[in-house]
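The values are calculated or read from the model by the stated rules, or taken from the named source; none is laboratory data. Because the structure is a prediction, the values reported are computed rather than measured. As a convention, Cβ positions derive from the backbone with ideal geometry for all residues, glycine included, and neighbour counts pool all protein chains shown. Protein only, heavy atoms only, side chains kept; ligands, DNA and RNA dropped before computing areas. Shrake-Rupley method; radii C 1.70, N 1.55, O 1.52, S 1.80 Å.
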Amino acid sequence: MVLVGPPASGKTSFVRALIARRQIDEEAVVSSDEIRAELFGTAPDGADSDAADARIFEERDRRIVARLATGQTAVAESTNVTPPARARLIAIARRFDAPVTVLRFTPDVADLLRQHAERGRPDVTAAQVHAYAAVMARHAAPNRLRSEGATAVYDVPGRGQAATPAEAAARFSFT
């Protein structure tokens, strides 16, 4: 499963709700933010470089491969708003004949920026959040995702649809 959405779009909250509802195992979630914290701690120094990003995503890919190689589900929890980011994940899934379900997080920009402000994460600016949303709008439409190799594409409801993460999670079933 590949989550696609800008920072602050609700990906982590949704995944936590899926775990709380026992719809997915916590171990299935491979989070680039958690890997960043494991490798570099919470200080942004050293974690905000191309070399750091390469190390983080190599580790993410390694963990996903390890799960898929044993027939387990993997949930790629990172922004994945660009075609190259998704191509990497789709290629891994294909190696293991694993279907690729894409869950899109598409809050409007006002809700997105409000959620960003509520998170209080100093490592991502509002301008960056806005930029990620613009990239996603250009490069992550459902038809595009299917043409890239997604088996299924679903939009995850959020604040704009008056849905909490738990309510959104209740609308999905993963078997």
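Per the conditions (1) surrounded by 15 or more Cβ atoms within 10 Å (Cβ to Cβ); (2) in contact (Cβ under 8 Å) with a residue 24 or more places away in the chain; (3) in a helix (DSSP H, G or I); (4) not hydroxyl-bearing (Ser, Thr, Tyr), the sole criterion not satisfied by Pro7 is (3).
Residue under question is Ala91, and the condition is that it be closer than 27 Å to Ser147 by Cα and not basic (Lys, Arg); does it hold? Judged against the criteria, Ala91 is a match. On inspection, Ala51 qualifies as in a helix (DSSP H, G or I), free of Cβ contacts under 8 Å to residues at least 60 places away in the same chain and not hydroxyl-bearing (Ser, Thr, Tyr).
Output yes when any residue across segment 25-48 is of a type in the set (Phe, Trp, Tyr), within 17 Å of Pro7 (Cα to Cα) and in a helix (DSSP H, G or I), and no when none is.
Here is the first cut: in segment 25-48, the residues of a type in the set (Phe, Trp, Tyr) are 40.
Among the residues that remain, those that are also within 17 Å of Pro7 (Cα to Cα) are: none.
Checking segment 25-48: not a single residue is of a type in the set (Phe, Trp, Tyr), within 17 Å of Pro7 (Cα to Cα) and in a helix (DSSP H, G or I).
When Ile56 is tested against (1) surrounded by fewer than 20 Cβ atoms within 10 Å (Cβ to Cβ); (2) touching a Phe, Trp or Tyr at 6+ places or on another chain (Cβ under 9 Å), only condition (1) is not met. Pairing residues of segment 162-175 that are under 15 Å from Leu103 (Cβ atoms) with residues that are in a loop (DSSP other than H, G, I, E, B) and of a type in the set (S, T, N, Q), at Cβ distances under 8 Å and at least 6 apart in sequence or on separate chains, gives Ala169/Gln23; Phe172/Gln23; Ser173/Gln23; Phe174/Gln23; Phe174/Thr73.
One residue stands out in segment 13-43 among those that are polar (S, T, N, Q) and more than 25 Å from Arg94 (Cα to Cα): the one that is farthest from the chain's Cα centre (by Cα), namely Thr42.
Any residue that is of a type in the set (Lys, Arg), open to solvent by 20 Å² or more (accessible area, probe 1.4 Å) and in contact with a strand residue (DSSP E or B) (Cβ under 9 Å, 6 or more places away or on another chain) - is there at least one of those in segment 18-38? No, because not a single residue in segment 18-38 is of a type in the set (Lys, Arg), open to solvent by 20 Å² or more (accessible area, probe 1.4 Å) and in contact with a strand residue (DSSP E or B) (Cβ under 9 Å, 6 or more places away or on another chain).
Sort out which residues of segment 35-49 are more than 17 Å from Val65 (Cβ to Cβ) and modelled with pLDDT of 70 or more, and write them in order of number.
Of segment 35-49, the ones more than 17 Å from Val65 (Cβ to Cβ) are 36-49.
Correct list: Arg36, Ala37, Glu38, Leu39, Phe40, Gly41, Thr42, Ser49.
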